[in-house]
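Visitor: Structure in structure tokens, see below.
Computed from the coordinates by the stated procedures, all read-outs in this text should not be read as laboratory data. Just so we're clear, the structure is a prediction, and the values are computed from it rather than from any experiment. Positions of Cβ are generated from backbone atoms using ideal geometry, with glycine treated the same way; all protein chains shown enter the neighbour counts.
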Amino acid sequence: MQLFTNIQALEEAVAKYHKDGKTIGFVPTMGALHAGHCSLVKQAVEQNDVAGVSIFVNPTQFNNKEDLAKYPRTLDRDMALLETIGADFVFAPQPEDIYSDEEMNSTFQFDFGGLDQVMEGKYRPGHFNGVVQIVSKLFKYVQPTRAYFGEKDYQQLAIIHRMVKVMNIPVEIIDCPIVREQSGLALSSRNERLSADEKKIAVNISHILFESRQLTSSQSVQQVENWVIEQVNRVEGLTVEYYQIVDQQTLQPAQDWSNAIGCITVYCGPVRLIDNIKY
């Protein structure tokens with residue numbers, strides 16, 4: 001497995017892959033890899049001649065500098081894990097390799113078509129500008145045939161689909177289901193910041209979401225939204241930031257249960273966790 005830390009070396013390797021007629025599967029990550037990431041990489045390995053992973057904690061998608069500083073960085077462990085599951089290369093640059101000073105101090109502009117105005121976009125202004133900025137750069141460097149993204153970050157995934165369409169980027173986006181711990185807790189790099197007791201508390205998020213499916217035959221979208229928020233907030237140590245049931249394509253508030261998905265963000269102590277459920 002090759003490690004690339006600068007763009008030129010990566011692009012030279014990618015050019016050779018393409019010259020040899022090889023397909024490239026790509027998984028962009030911020031490191032602190034877990035079984036959810038591994039499932040994406042395994043799929044990339046199975047479906048392509050070459051599988052690559054980026055590990056880059058992207059500063060332009062954090063609107064909270066403290067959150068950026070606390071984000072786990074475990075490159076050596078991540079590299080060892082990726083080697084065991086068959087990744088062919090890792091791209092792990094530094095911010096100064098990716099961004100000019102001007103880019104670091106300005107907001108990347110993109111027409112989100114309204115996808116950034118709800119949920120995460122409302123509570124983390126500028127976050128998705130940074131996501132589109134880095135993913136579009138990574139796609140330019142790697143030129144993947146297919147790129148793999150988890151459905152846990154559902155709003156991000158919808159925005160990535162729009163990005164490749166608007167920017168006319170020739171890559172197939174593969175949506176991959178949420179991977180959960182046996183307890184039901186959605187896997188996340190942020191789970192590493194949870195204490196053992198907080199982890200036990202956090203499993204209530206998914207349990208309540210699963211239970212809410214039973215209510216759809218008798219209750220409205222608004223009633224179920226209210227019920228989920230109330231149930232999660234009742235758990236000591238959990239605080240809902242938002243829970244919204246939206247249309248899976250437009251991310252606008254769902255009017256009925258057809259094509260609906262519920263997206264939630266909850267603070268478990270100081271740790272911000274996201275999850276979702278399709279109805």
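Visitor: If residue 8 meets every condition in (1) over 26 Å from residue 175 (Cβ atoms); (2) surrounded by 14 or more Cβ atoms within 10 Å (Cβ to Cβ) apart from one, which number is that one?
Guide: Unmet for residue 8, out of (1) over 26 Å from residue 175 (Cβ atoms); (2) surrounded by 14 or more Cβ atoms within 10 Å (Cβ to Cβ): (2).
Visitor: For the subset of segment 31-47 comprising residues that are touching a Pro at 6+ places or on another chain (Cβ under 9 Å) and under 18 Å from residue 138 (Cα atoms), which member is surrounded by the most Cβ atoms within 10 Å (Cβ to Cβ)?
Guide: 44
Visitor: Of the numbered conditions (1) farther than 30 Å from residue 207 by Cβ; (2) in a helix (DSSP H, G or I), residue 155 fails exactly one; give the number of that condition.
Guide: Of the numbered conditions (1) farther than 30 Å from residue 207 by Cβ; (2) in a helix (DSSP H, G or I), the odd one out for residue 155 is (1).
Visitor: Please list, ordered by first then second residue, the pairs with beta carbon atoms under 9 Å, 6 or more apart or interchain, first in segment 104-127 and surrounded by fewer than 19 Cβ atoms within 10 Å (Cβ to Cβ), second outside any helix (DSSP H, G or I) and of a type in the set (Gly, Ala, Ser).
Guide: Once the first residue is surrounded by fewer than 19 Cβ atoms within 10 Å (Cβ to Cβ) and sits in segment 104-127, its partners that are outside any helix (DSSP H, G or I) and of a type in the set (Gly, Ala, Ser) give 107/126; 108/126.
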